[in-house]
Amino acid sequence: MMKRLVVVVLFALPLFGQAVDLAVDIAPSQNSVVYGGTLTGVVHVSNTGGAHPDQGISISVHATDGAGFASLGGTNWTCSRAGAQHEFGICGTTANLTGAYPDINFQVTAPAYGSTFDILAGGNESTDGGAPQHDSETITLAEPFTFTVVPTVDPNPVHAREPFTATYTMNNLGPQTSGNLQLQVTFERLPEFVSASGIGWTCTHQEYPFVLCQHAPVAANVTTTVTVMAIAPAAGGPNTTTGSLFSNGMVWNGSLVYDSVERAELSVGILGPNAAPPDATVDHQVSVTNAGPGDASNVTLSLSATTAIVHAEGIGWNCSGATCTRPSIPAHMQAPYVTVTTATPSTGTLTLTAAVSATTVDTNSADDEASIDVQTGALLVLASITPHTGSVAGGTTLTLTGDGFQPGAVVLVDDVAVPTTFVSPTTLTATTPAHDAGAVDITVLNPDSTSATLANGFLFDPGRHRAVRH
C-alpha cells in the first residue's frame, strides 16, 4: 500500500503590528516523487500589510505519513527539525519587513510506500485579528521501478504424474535499478518438487511458499527468469501457479491457470484364426491394454469387417452393433477381451479391424488399431498324395493336392504332425517321419479346425529301411 506524506507549516507565533498581514505559499519543485526519493521546494512568506511586525515572525512546517525534512533553512531564517523522521520543522526570523521575506528552502525525503503525501506550512497573523495563513501541497508517490511477472508452463497442458517446467519471467520496467528481489512461487495443487534455478538466483524448496528465491538488485530494462522443475500431481484438471515478486516493500504478481491432463498408452490386438470355412461365422478375441502412466477414460472400441459384425460382447463392455465402450481402463491393466463374431464370405478374405480411442490423451496412437485377415474358400478336399510310398526311415517329401488348404495347415501322418509347407489353396508339401512299415492315413488339418483325410494314403515300404521307434 502507498502512504501519504504531508509537510505542514504550522502557525507562527510572532508579534505583529496592527496592519501586519502574512501570506504563506508552498512551491515544490515537482508534484510527484518516487518512493524514498528526494523532493525540493520553497516556502514563500510575505507581509502584505502596511505595517512591520513588532518582534519578527516564525513559520512551522510538517511532513506527514513517513516523510521527513532532510534539510530546512533560508537566508535570515533560523530553522530546526524534530520528530523521528524529522517530520516537524520551525523557522524564525527577527526581520520586521513588509513585502516578501527570503524563501525558506526545504528538501523532503519521501516515504517508502503509499500513494500521496502532503507538505503543509502555516504562520500566525499580527495582532490585528486577521485569520491565520496556511498552505498545503499534495505530492504523488511513484514507484522507482516496476516489474512484470509472467509465468509459463511446458508442456501446456501438463501431464498428470509426469515432469513439467514452470518458468517465471520478470522484467524491470524501470526507471531505476530495483532493490533486492525475493520471488515466491505457489501452486494451487502442489506438484512434486524437482529443482528450481535461475541465473543469479538462490532458490530453496519449502512447505510454503513452494519455492523461495533471492536475487541481488536488477537494473532497469533487464529481464531475469526462474525455472521450476516438478512432477504434476496425479489428479488432472485445472491448476494455478503464481509468482509473487517482492522488492523495497512493493509486490508484483503474475498468475497462470493451466490444465493438467491424464495420459495413457492404449494398444489393441486381435487373437483368433486366420482361416475359416465359407458362409459361416468366426470368433476373434480383441484385447485392449493401457500401459499408463494414467488411467484411460471413456474408452471406445470401434469394430469393422469386410463382412457383417454378427455380435460383440465382453465383461465390463457395453457393446452395440460394431461399437463397444467402457468408462475406463486403469493404468498398466488389460481390459477383459471383447469376443467378436463375424460372418465369413463364400470365398476370398475376411478382414476384421479394431480401433481404440479415449478422451484421455494417448501417448502413442500408432498401436491404437489392429486388423486380421481370415482366408475362406471351398470346402477342404484332399484329393491325392505323391509319391504313394517311401522309406520307413522317413524323409520322403510328399506333395498333397486338393482344395481349401489354408495358410498354416498341418499334415498329419498317422496322426503325427509333420513339417508342412503351404504352397497354395490347392497344394501342400510335407516330409514323412520314420515309421513302421505299412499303410497309414494322411490328414490335412486347417487352422479353422476343418480337416480332410485320405485313408491309407501312404505306404512305408519295409524293403527300403528298417524303422527305429523312439
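Some observations on this one:
- Elements of type strands (runs of 3 or more DSSP E) in region 51-94, at least 3 residues being touching a residue at least 60 places away in the same chain (Cβ under 8 Å), assigned by TED's automatic domain parsing to the domain that holds residue 21 and surrounded by 21 or more Cβ atoms within 10 Å (Cβ to Cβ): 57-63
- Lone qualifier among 397, 359, 421 - being without any contact (Cβ under 8 Å) to a residue 24 or more places away in the chain, more than 20 Å from residue 271 (Cα to Cα) and β-branched (Val, Ile, Thr): 421
Let's see how each residue does on (1) within 25 Å of residue 319 (Cα to Cα); (2) assigned by TED's automatic domain parsing to the domain that holds residue 435; (3) surrounded by 15 or more Cβ atoms within 10 Å (Cβ to Cβ):
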residue: 340; (1), (2), (3): yes, no, yes
residue: 344; (1), (2), (3): yes, no, yes
residue: 360; (1), (2), (3): yes, no, yes
residue: 370; (1), (2), (3): yes, no, yes
residue: 406; (1), (2), (3): no, yes, yes
residue: 412; (1), (2), (3): no, yes, yes
residue: 419; (1), (2), (3): no, yes, no
residue: 423; (1), (2), (3): no, yes, no
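- Residue match in region 150-162 (condition: at pLDDT 90 or above, surrounded by fewer than 20 Cβ atoms within 10 Å (Cβ to Cβ), among the hydroxyl-bearing types (Ser, Thr, Tyr) and closer than 30 Å to residue 293 by Cα): yes
- Only listed residue being over 21 Å from residue 41 (Cα atoms) and touching a Ser or Thr at 6+ places or on another chain (Cβ under 9 Å), chosen from 160, 110, 142, 121: 160
- Residue within region 341-348 that is in a strand (DSSP E or B), β-branched (Val, Ile, Thr) and more than 29 Å from the chain's Cα centre (by Cα) present: yes
- Applying a threshold of 8 Å to beta carbon distances and a minimum spacing of six or more residues, or different chains, the list of pairs starting in region 431-445 at a residue that is farther than 18 Å from residue 395 by Cβ and ending at one that is of a type in the set (Ser, Thr, Tyr) and modelled with pLDDT of 95 or more is empty.
For (1) in contact (Cβ under 8 Å) with a residue 40 or more places away in the chain; (2) farther than 21 Å from residue 215 by Cβ; (3) of a type in the set (Ser, Thr, Tyr); (4) not assigned by TED's automatic domain parsing to the domain that holds residue 34, each residue gets a yes or a no:
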residue: 152; (1), (2), (3), (4): yes, no, yes, yes
residue: 162; (1), (2), (3), (4): yes, yes, no, yes
residue: 171; (1), (2), (3), (4): yes, no, no, yes
residue: 178; (1), (2), (3), (4): yes, no, yes, yes
residue: 181; (1), (2), (3), (4): yes, no, no, yes
residue: 194; (1), (2), (3), (4): no, no, no, yes
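The values are calculated or read from the model by the stated rules, or taken from the named source; none is laboratory data. None of the values given here were measured: they were computed from a predicted structure. Because the Cβ atoms are built from the backbone with ideal geometry, glycine has one as well, and the counts that use them run over all protein chains shown.
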